[in-house]
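Notes follow once the structure below has been shown.
The values are calculated or read from the model by the stated rules, or taken from the named source; none is laboratory data. Here the structure is a predicted model, which is why all the values come from computation and not from measurement. Cβ coordinates were reconstructed from backbone atoms using ideal geometry, including for glycine residues, and neighbour counts include every protein chain displayed.
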Amino acid sequence: MGLLQKFTRKSSPKQSGSGSNYAYVTARVRAMKSNLLPRETYPRLMNMGIDEITRFIEESQYKQDVDELARTYDGVDLFEHALNRNLAVTFTKLINISEGELNYLISEYLRKYDIWSIKTILRGKYCDASVEEINDSIVSAGQLSYPFLSSLSEKESYESIIDALSGTDYYPTLKEYDGTNLSEIENQLDKLYYTGLSTTVDNPKSNDSKLFSKFIRTEIDIKNLSTLFRLKNAGVEKDEIADLILEGGLHLSIKEIEKLLPLPFSEFVQSLEKYPYWEDISGIVKTEMDSLVELETQLTKSNIKSASSFSHVYPLSIVPIMDYVLNKTNEVHNLRIILRGKAADLDEEIIRNQLVI
Amino acid sequence: MAVEAVAYMDPAGLKAIGAGLAVGLTGLASGIAERDIGSAAIGAMAENESLFGKGLILTVIPETIVIFGLVVALLIS
């Protein structure tokens, strides 16, 4: 069987994306997508009390995770952990079922969670959290496995954690950490993730890497836009903003962003009119904004919408998979907002504004 | 000498070769077509078992190619 696979890969290296099993993965992912909660569920969930919501989640696809964690946790924490666990299991499954170039692209994308977990561990150590607390917050959806990550959180000091990561790409950034500059290191790690992704798809050869590159670059644009909005609105100096801007955007290249940086907020908003994202946000942005929640939800929404319309144009490619990853993350995010919001007795209107449906 | 050999070739043999090619090539073609559909069907079924019926039907649709091949082979021989 192995010999046969070797032979088929050798004989047609370019034909189906260097031995990638697109048909299998996309069909499976589409079936997985059909298991996601439909959008009509959210208004229903909003009308339920916290007990009804917990019951609803217990009966949904998260059942197994809730059952397994029910011994250790209870209340809202249980569901938060169950959601995280489900996310980790689902994304690890995506890595496990894909082959070839597809596997490479998905793993690169899911490095986000490796960085998330490393940041969580460092943050936990920074504020002296217990090993259990740190372990609970880890989402091992990337390449680093849960046993490895929990062995990191068991280490006494941040130096030994960083030493344990010496073989990884994160080491050069992490070794700058001196126990105090955590936020700087976190920003560096995020930048590293996006530069890593851009270099992965720097010279896209196959059709799939091209699509993936477009997807990533749109995401970078959206990240940059929300950074710009947040910092401009808070009146941060342009040099400080420039440090946080990611390179490699699709419509907003670094040069164009540099032009936007010195402008005051109102002019900055007007100059966005020439970009395609304006269509989605034009109804919301004003020259003076108190809250950016609505804008950020709208940006995320437009990202998800463009991914799902793309996934119909390129059915046998990486796009449906990325679309699923976005939708799944969003679902977990929404459920968490509803649960946490209800538990904190927040006003329904506030919760509804935060949801991306 | 060579000309004589061609003259003596049995037409039934050529027919048999044609029929063989018709079934063989169409069989390969259906195999190639079914490869991706089959793996997609398995993928969908792994997530949702109720798709078994649909998956099975879609997987065997390219089977028509080889049936046409078989019909042609029967017509030839």
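Here are some notes:
- Out of A:315, A:262, one residue alone is in contact (Cβ under 8 Å) with a residue 40 or more places away in the chain and surrounded by fewer than 14 Cβ atoms within 10 Å (Cβ to Cβ). It is A:315.
- Which numbered condition residue A:347 fails, given (1) surrounded by fewer than 18 Cβ atoms within 10 Å (Cβ to Cβ); (2) within 20 Å of the chain's Cα centre (by Cα): (2)
- Candidate set from segment B:45-65 (those that are among the aliphatic types (A, V, I, L, M) and surrounded by fewer than 18 Cβ atoms within 10 Å (Cβ to Cβ)); member that is nearest to the other protein chains (Cβ to nearest Cβ): B:46
- Any hit, segment A:144-157, residues being closer than 28 Å to residue A:105 by Cβ and part of a loop (DSSP other than H, G, I, E, B): yes
- Within segment B:12-44, the only residue that satisfies the criterion of being within 8 Å of chain A (Cβ to nearest Cβ) and of a type in the set (Asp, Glu) is B:36.
- Restricted to helices (runs of 4 or more DSSP H) entirely inside segment A:44-99, those with at least 1 residues that are touching a helix residue (DSSP H, G or I) at 6+ places or on another chain (Cβ under 7 Å) and more than 23 Å from residue A:348 (Cα to Cα) are A:63-69, A:75-97.
- Scan of segment A:23-43 for residues that are modelled with pLDDT under 85 and part of a helix (DSSP H, G or I), ordered by number: A:41, A:42, A:43
- Scanning segment A:50-81 for residues that are at pLDDT below 80 and over 24 Å from residue A:139 (Cα atoms) yields a total of 2.
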